[in-house]
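A.B. asks: Quick one: the structure is below, questions incoming.
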Amino acid sequence: MNDQMTTNSIVKLDSVVKKFGDIFAVERVDFEIGRGEFLAIMGSSGCGKTTTLRMLAGLEDPTDGDIYLDGERVNGKATWDRDTPMVWQSLALFPFLTVQENVEFGLKMRGVSKVERIERARRWLEKMQILEFANRNISQLSGGQKQRVALARALVTEPKILLLDEPLSALDAHLKVRMQSVLSSLQKDLGITFVYVTHSMSEAFSMADRVVIMSRGKIEQIGTPQEIYREPRNRFVAEFLGSANIFTGALSRKTGVYWTIEAPDGSFEINAGKVTNKNEGDSVTFIVSAENMNVRPTGSQPNGITVTVVGEEFVGATAILFVETESGAELKIQKSHDEFSSLDTRPGSKLAVHWDPDHCHVLPGE
Ligand code: ATP
């Protein structure tokens, strides 16, 4: 094993750069992936997620930096010499082969005997609950069944790492959730490392052990879903998650365990334990999540402001109320329909919102 890798990592990216002409698709990315870990890579379109995955697969070579797979530096090593199959959104199944032949394909390429190929392919088809379709053409399968063929085809070679590029994005919502649980239990049962690129926060946060958030070729944050959700590192991550209300102000005075912050919409208190390496007069940015905002018809509350309703959106059992502060900042409040039912939530009406100073999280990267 390479001495730069920690004992438990199976993947290491060391200052990896990928340029296409003058464009930095990936700009000095460093991270390691643990053996048997489910890592999701998220970020807005064009942030470099797929390029990162393609470099792991050997479909792109880094312009600079090193990639290690299971202790071996793999820069320049061809795709077919790596143990990193990939499952694509498009699935890329061979339409002219049957289900069984599709699954056997990788084994055939590796020179595995026909008898062993058939036995291993059937074992995987059974595991993916599609053995009954073994002799069908790909065109005769549903979206979810095709997905299972693609997984069987990738896993039949028993790789240590499986790369997945938005594999569920073409499925409808119901099937997506079902396939999420198939993928999760498959990954846990097999103990294979999954590297999963997605746009979908719900997919990443429900399945992954850790999530990487990328923007413009760089990593903004890497951590467990809970860490990222509760403690986003900077404004980009907080905005990307979409559920946080962001406030910026200056530290004005410290009383007991609270700092007072002067912000455009008023003075707010914040737990001093959350403010590190800052002094009076310094700027701080903190967030309060939409579900931690309290709302009343009127009246002034400590740590509160008056807002104007802009609109409301139903999200299953809850609703999100979009409101605007006097300084024009947009905030979100998420509550059950019951909690909103006693309030006038028509656009233009005024409401009083407040929050607990202990529910603020200071963005350390700001
Ligand atoms: P999406 O979610 O839209 O798939 P992404 O995060 O996967 O985006 P990448 O496909 O990795 O993004 O692309 C990162 C950047 O590199 C983009 O600006 C893209 O236009 C550019 N890029 C990717 N592949 C190439 C290529 N083969 N030639 C030139 N530029 C490329």
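The values are calculated or read from the model by the stated rules, or taken from the named source; none is laboratory data. Values in this document were obtained by computation on a predicted structure and should not be read as measured data. We place every Cβ from the backbone using ideal geometry, glycine too, and count neighbours over all the protein chains shown. SASA here: full protein model, heavy atoms, side chains in, ligands and nucleic acids out. Shrake-Rupley method; radii C 1.70, N 1.55, O 1.52, S 1.80 Å.
A.B. asks: Suppose we filter segment 312-322 for residues that are surrounded by 13 or more Cβ atoms within 10 Å (Cβ to Cβ) and closer than 12 Å to PHE340 by Cβ; how many remain? Full working, then the answer.
C.D. replies: First, the residues of segment 312-322 that are surrounded by 13 or more Cβ atoms within 10 Å (Cβ to Cβ): 312, 318-322.
With the extra rule that they be closer than 12 Å to PHE340 by Cβ, the set shrinks to 312, 318-321.
The qualifying residues number 5.
A.B. asks: Kindly indicate whether any position in segment 69-92 is acidic (Asp, Glu), at pLDDT 95 or above and in the same structural domain as SER200 (by TED's automatic domain parsing). Steps first, answer last, please.
C.D. replies: Applying the first criterion (acidic (Asp, Glu)) to segment 69-92 yields 70, 72, 81, 83.
Among the residues that remain, those that are also at pLDDT 95 or above are: none.
Looking for residues that are acidic (Asp, Glu), at pLDDT 95 or above and in the same structural domain as SER200 (by TED's automatic domain parsing), one finds none in segment 69-92, hence no.
A.B. asks: Going residue by residue through segment 205-213, is there one that turns out to be within 16 Å of the ligand (Cβ to nearest atom), under 23 Å from LEU69 (Cα atoms), out of contact with any Ser or Thr (no Cβ under 8 Å at 6 or more places or on another chain) and open to solvent by less than 40 Å² (accessible area, probe 1.4 Å)?
C.D. replies: Quick first cut of segment 205-213, residues within 16 Å of the ligand (Cβ to nearest atom) only: 211-213.
Among the residues that remain, those that are also under 23 Å from LEU69 (Cα atoms) are: 211-213.
Narrowing further to those that are out of contact with any Ser or Thr (no Cβ under 8 Å at 6 or more places or on another chain): 212-213.
Those left that are additionally open to solvent by less than 40 Å² (accessible area, probe 1.4 Å): 212-213.
Checked against the condition, which is being within 16 Å of the ligand (Cβ to nearest atom), under 23 Å from LEU69 (Cα atoms), out of contact with any Ser or Thr (no Cβ under 8 Å at 6 or more places or on another chain) and open to solvent by less than 40 Å² (accessible area, probe 1.4 Å), segment 205-213 yields at least one hit.
To keep it simple, each residue is scored yes or no on (1) open to solvent by 60 Å² or more (accessible area, probe 1.4 Å); (2) in contact with a strand residue (DSSP E or B) (Cβ under 8 Å, 6 or more places away or on another chain); (3) closer than 30 Å to ILE213 by Cβ.
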| residue | (1), (2), (3) |
| --- | --- |
| VAL103 | no, no, no |
| GLY143 | no, no, yes |
| LEU155 | no, yes, yes |
| LYS160 | yes, yes, yes |
| ASP165 | no, yes, yes |
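A.B. asks: Only residues in segment 99-120 that are at negative phi and without any contact (Cβ under 8 Å) to a residue 12 or more places away in the chain count as the first member; pair them with residues that are open to solvent by less than 60 Å² (accessible area, probe 1.4 Å) and not acidic (Asp, Glu), Cβ under 8 angstrom, at least 6 apart or cross-chain, and list the lot.
C.D. replies: Qualifying pairs under 8 Å: GLU101/PHE94; LYS108/ARG117; VAL112/ARG120; GLU116/LEU107.
A.B. asks: Pick out the one residue from PHE240, PHE194 that is under 15 Å from the mean Cα position of the chain (by Cα), surrounded by 16 or more Cβ atoms within 10 Å (Cβ to Cβ) and assigned by TED's automatic domain parsing to the domain that holds ALA329. Let's see the steps before the verdict.
C.D. replies: Details: PHE194 fails: assigned by TED's automatic domain parsing to the domain that holds ALA329.
Going through PHE240, PHE194 in turn, the sole match is PHE240.
A.B. asks: I would also like to ask the following. Of the conditions (1) in contact with a helix residue (DSSP H, G or I) (Cβ under 8 Å, 6 or more places away or on another chain); (2) open to solvent by 50 Å² or more (accessible area, probe 1.4 Å); (3) outside any loop (DSSP other than H, G, I, E, B), PRO95 satisfies every one except a single condition; which number is it?
C.D. replies: Condition (3) is where PRO95 drops out.
A.B. asks: Just the residues that are hydroxyl-bearing (Ser, Thr, Tyr) and either assigned to a loop (DSSP other than H, G, I, E, B) or touching a residue at least 24 places away in the same chain (Cβ under 8 Å) (or both), please, taken from segment 78-92.
C.D. replies: The initial filter retains those residues of segment 78-92 that are hydroxyl-bearing (Ser, Thr, Tyr), namely 79, 84, 90.
Listed by number, the residues that qualify are THR84, SER90.
A.B. asks: Limited to segment 50-81, what total is found for residues that are within 24 Å of VAL211 (Cα to Cα), within 16 Å of the ligand (Cβ to nearest atom) and among the hydroxyl-bearing types (Ser, Thr, Tyr)?
C.D. replies: Qualifying residue count for the region: 3.
A.B. asks: OK, next. Of all residues in segment 294-304, how many are buried (at least 17 other Cβ atoms within 10 Å of the Cβ) and in a loop (DSSP other than H, G, I, E, B)?
C.D. replies: Residues meeting the conditions: 1.
A.B. asks: Related question: How many of the residues making up segment 129-156 are under 30 Å from the mean Cα position of the chain (by Cα), among the aliphatic types (A, V, I, L, M) and modelled with pLDDT of 90 or more? Spell out the reasoning first.
C.D. replies: So in segment 129-156, the residues under 30 Å from the mean Cα position of the chain (by Cα) come out as 129-130, 141-156.
With among the aliphatic types (A, V, I, L, M) added as a condition, the list becomes 130, 141, 149-152, 154-156.
Still in the running and modelled with pLDDT of 90 or more: 130, 149-152, 154-156.
Number of matching residues: 8.
A.B. asks: Still on this model: Here is a list: MET214, MET179. Which entry is of a type outside the set (Ser, Thr, Tyr), within 26 Å of ARG54 (Cβ to Cβ) and in contact (Cβ under 8 Å) with a residue 40 or more places away in the chain? Talk me through it step by step, then tell me what you get.
C.D. replies: Details: MET179 fails: in contact (Cβ under 8 Å) with a residue 40 or more places away in the chain.
Just a single option satisfies the conditions, and that option is MET214.
A.B. asks: Whether any residue in segment 209-217 is charged (D, E, K, R), outside any loop (DSSP other than H, G, I, E, B), assigned by TED's automatic domain parsing to the domain that holds LEU163 and within 10 Å of the chain's Cα centre (by Cα) is what I want to check. Outline the logic, then answer.
C.D. replies: The initial filter retains those residues of segment 209-217 that are charged (D, E, K, R), namely 209-210, 216.
Next, from what is left, pick out any that are outside any loop (DSSP other than H, G, I, E, B): 210.
Of the ones still in play, those that are also assigned by TED's automatic domain parsing to the domain that holds LEU163 are 210.
Adding the requirement that they be within 10 Å of the chain's Cα centre (by Cα) leaves 210.
Yes, there is a match, as at least one residue in segment 209-217 is charged (D, E, K, R), outside any loop (DSSP other than H, G, I, E, B), assigned by TED's automatic domain parsing to the domain that holds LEU163 and within 10 Å of the chain's Cα centre (by Cα).
A.B. asks: Given the conditions (1) in contact with a strand residue (DSSP E or B) (Cβ under 7 Å, 6 or more places away or on another chain); (2) within 30 Å of ALA121 (Cβ to Cβ); (3) open to solvent by 40 Å² or more (accessible area, probe 1.4 Å), and given that ARG233 satisfies all but one, which numbered condition is not satisfied?
C.D. replies: (2)
A.B. asks: Here's another thing I want to ask about it. In segment 33-49, what count of residues is obtained for those that are away from the ligand (no atom under 14 Å from the Cβ) and open to solvent by 50 Å² or more (accessible area, probe 1.4 Å)? I'd like the intermediate steps shown before the answer.
C.D. replies: Within segment 33-49, the first condition is being away from the ligand (no atom under 14 Å from the Cβ), and the residues that meet it are 33-39.
In the following step, the residues that additionally are open to solvent by 50 Å² or more (accessible area, probe 1.4 Å) were identified as 35.
So the answer is 1.
A.B. asks: While we're here: So, ILE222, is that one crowded, with 18+ Cβ neighbours inside 10 Å, closer than 30 Å to VAL288 by Cβ and within 14 Å of the ligand (Cβ to nearest atom) or not? Give the derivation first.
C.D. replies: On the way: crowded, with 18+ Cβ neighbours inside 10 Å: yes; closer than 30 Å to VAL288 by Cβ: yes; within 14 Å of the ligand (Cβ to nearest atom): no.
No, not satisfied.
A.B. asks: For ASP189, only one of the following conditions fails: (1) more than 14 Å from the ligand (Cβ to nearest atom); (2) in contact (Cβ under 8 Å) with a residue 12 or more places away in the chain; (3) among the acidic types (Asp, Glu). What is its number?
C.D. replies: Condition (2) is where ASP189 drops out.
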